[in-house]
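The values are calculated or read from the model by the stated rules, or taken from the named source; none is laboratory data. Keep in mind it's a predicted model, so treat the numbers as computed, not measured. For neighbour counting, all protein chains shown are included, and Cβ atoms are generated from backbone atoms with ideal geometry for every residue, glycine included.
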Amino acid sequence: MKKNKIIKGLGIALGVIAFISIAGSVAMGGYIADRILHQNEGKDTHDNSIKQLEVWGYDTEKFMNTYEGTDIKVTAEDGNTVPATYFDNDSDNLVILVHGAGGDRVSIYPLAEEYIKDGFDVIAIDQRGCGENADDRVTFGINEALDVKAMVKFAREEIKADKVIVHGQSMGAETVAVYASNVTPGTVEAADAVILDSPVPGMELMLKETFGDGDTESFMAKYLTGTSKAFMKAVNGIDYDDADTINVVKNDKIPTMVIVSDKDKVCLPDQVMQIYDNIACENKAIYHADSAHIEGVIDDPEGYMSSVESFLKNLGI
């Protein structure tokens, strides 16, 4: 009898421990998922952009005084309102620019300037969770790709652009990769070409590197990523795998250029090379910038744009 009581007591204790562990994991997963989705909450992404450009020595005020843009908005298929600035250069060719994490459309103005000088019309958008975008959730390109899709359609139908290119940097390049892998070439929503500058290699991989301080195989990296992945999929309907850039580009049939920042410590060059290798489209190109993360257009704008021009010229753009 005493032995049975001991066994019963151990069973109850183990059950309580299991319950606490599961509940704790769910709570932890929910907390991390919320922090990921609302990573820019309380941050001024517009001010962040200006400060970063100051660090790079770029004169944002001069750009704004030189080039007059028009604010536009389009609606994505999920109802989200996408804000952007349109620089009309009276061209048949238009490029849509997609900025990276933590900033807004202003952060990509150095690239906008180079395209304007090259004679392109330019649209610079605010990604979700950034700037004036109506959606405050950051999903590493999963939902943001819908905004790009809507803007490409707008460029063709409203602006009447003949050729449309989409060019993204960092997490913006991840957005562009997800977008390109989920549209059918030749449709009104599909760009004629896309360019990925230092793309984030994947949502889950990036989070593992962050949680594990570079060690993606550590217990903490796997635990925190695993719990948040399960919670976000079950509760928020967002699957990390849909933002696995290295794998999703296996469905990318649009002509694609990849820019590797050889001194990149954020999106490592070997990871970016994996993205390039997996792109399904045979009409692809690669350029190596001797620069840190997305700084190629800052360090060597002539060389950077020369490679872009060569890629587009081969496509008849």
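Quick notes
- Options D252, D242, D300, D215; residue that is more than 25 Å from N93 (Cβ to Cβ), modelled with pLDDT of 95 or more and not β-branched (V, I, T): D242
- Candidates in the stretch 213-233 are the residues that are exposed (fewer than 14 other Cβ atoms within 10 Å of the Cβ) and not acidic (D, E); of these, the one that is nearest to V178 (Cα to Cα) is G214.
- Unique match (being under 12 Å from the mean Cα position of the chain (by Cα) and in a loop (DSSP other than H, G, I, E, B)) among V148, V200: V200
- Test: residue in the stretch 92-104 that is of a type in the set (D, E) and not in a loop (DSSP other than H, G, I, E, B): no
- Note on the stretch 151-192: residues that are touching a residue at least 40 places away in the same chain (Cβ under 8 Å), part of a loop (DSSP other than H, G, I, E, B) and farther than 21 Å from M257 by Cα total 1.
- Sole residue being without any contact (Cβ under 8 Å) to a residue 40 or more places away in the chain, among the aliphatic types (A, V, I, L, M) and within 23 Å of L37 (Cα to Cα), chosen from M232, M220, M206: M220
- Cβ-Cβ under 8 Å pairs, at least 6 apart or on other chains, the stretch 32-52 side more than 12 Å from A101 (Cα to Cα), far side among the aromatic types (F, W, Y) and not in a loop (DSSP other than H, G, I, E, B): I32/F231; A33/F231
- Residue in the stretch 78-90 that is buried (at least 17 other Cβ atoms within 10 Å of the Cβ), assigned by TED's automatic domain parsing to the domain that holds A150, hydrophobic (A, V, I, L, M, F, W, C) and assigned to a helix (DSSP H, G or I) present: no
- Selection within the stretch 63-84 - within 11 Å of A150 (Cβ to Cβ) and either touching a Ser or Thr at 6+ places or on another chain (Cβ under 8 Å) or in contact (Cβ under 8 Å) with a residue 40 or more places away in the chain (or both): K73, V74, T75, A76, E77, D78, N80, T81, V82, A84
- Some residue of the stretch 297-306 being among the aromatic types (F, W, Y) and in contact (Cβ under 8 Å) with a residue 24 or more places away in the chain: yes
- Lone unmet requirement of (1) more than 12 Å from the chain's Cα centre (by Cα); (2) touching a residue at least 12 places away in the same chain (Cβ under 8 Å); (3) farther than 15 Å from V249 by Cα for N143: (1)
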